[in-house]
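The values are calculated or read from the model by the stated rules, or taken from the named source; none is laboratory data. Remember, predicted model here, so these are calculated numbers, not experimental data. Cβ placement follows ideal geometry from the backbone for every residue including glycine, while neighbour counts extend to all protein chains displayed.
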């Protein structure tokens, strides 16, 4: 089987997903290569054939989330909606990802500091790209007068904290669905930064 | 030196703080007893004399944060302010703790799932107590008509995410101080859940 064939890619993705579950349950450091081999039903050589190293596996888990996250941000940018509509749509996209990839997101938010060298740099860069998308929507709202004169940098961090942190309690089949959360969150946030409508 | 003397307690606290710094930098699992001994300038026997076990050290780090957090919540409850004033004050207290204990909070939010048995149960209980304080303020605001008809459970989680998540970027001497963050966060949140003032 030649490397990078669709079959190889699919098997690799499967390994990434299985390993994310293991890391999310037991932690990255506490999970050994032996357990990764067992969970993926592979020998050590075969595992390395797919993943290269344990850190590369972590990179792949991060990329899986970041690809989705940036894809969502692209759709929002292409939508051409008002700043508040864009912000609501971005929250909807983000919560949907957190809901669909709970293990990946757990690993993503808990173990990103384990990455070293270029891996760490690349990850920070992608994360920063996303933060800039949030800041840009907020800045647009300030510029058009839809939002108050808020600090886009600080407000983006409020928004990110509110949404990202849902990974701790947003569970498939849990009390609330991603959509049940996205709507009231968007309402709270947009009211919070919106200009009060003038008295008639 | 008899155990539990003020001197013993002070030395133990020092060990807890030094170890929190180490865990925050390198992770709980990756930090061995040897490194803890070196950082605290103690032999293995002496270290265990103060901390009992590595997990007890984690418990002590959690308690150090939770004691402060609950102390803040008690002050807010005793203040007798309006729901929005209480919420602003609670945020101020919480961000101040995150600012003063960055290492402890990092360990607290990253490694709580490492706790086992009664330790895990006790920690969840204290955490739940705090969440209930936030929910109670929100419920009070709904009852008095100061807030919209929001879901206190869900809204408490938005508030907690927004505030707790600051540990990732709120740094001593950083771009913004805890107070610089608490004020706009409170404004955003209270506007977000407040009833629009009726047109005059």
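Among the listed residues A:137, A:150, which satisfies the condition of being crowded, with 17+ Cβ neighbours inside 10 Å, farther than 27 Å from residue B:109 by Cα, at the interface with chain B (Cβ under 8 Å from one of its Cβ atoms) and modelled with pLDDT of 90 or more? Outline the logic, then answer.
Details: A:137 fails: at the interface with chain B (Cβ under 8 Å from one of its Cβ atoms).
Testing whether each residue is crowded, with 17+ Cβ neighbours inside 10 Å, farther than 27 Å from residue B:109 by Cα, at the interface with chain B (Cβ under 8 Å from one of its Cβ atoms) and modelled with pLDDT of 90 or more leaves just A:150.
Taking residue B:157, is it at the interface with chain A (Cβ under 8 Å from one of its Cβ atoms), out of contact with any helix residue (DSSP H, G or I) (no Cβ under 6 Å at 6 or more places or on another chain) and either more than 30 Å from residue B:54 (Cβ to Cβ) or buried (at least 21 other Cβ atoms within 10 Å of the Cβ) (or both)?
So residue B:157 fits the description; yes.
Sort out which residues of the stretch A:108-121 are away from chain B (no Cβ under 12 Å) and either touching a residue at least 12 places away in the same chain (Cβ under 8 Å) or buried (at least 16 other Cβ atoms within 10 Å of the Cβ) (or both), and write them in order of number.
Listed by number, the residues that qualify are A:108, A:115, A:116, A:119.
Within the stretch B:171-197, track down each residue that is at pLDDT 95 or above and at the interface with chain A (Cβ under 7 Å from one of its Cβ atoms).
Residues satisfying the conditions are B:181, B:184, B:185, B:188, B:189, B:191, B:192, B:193.
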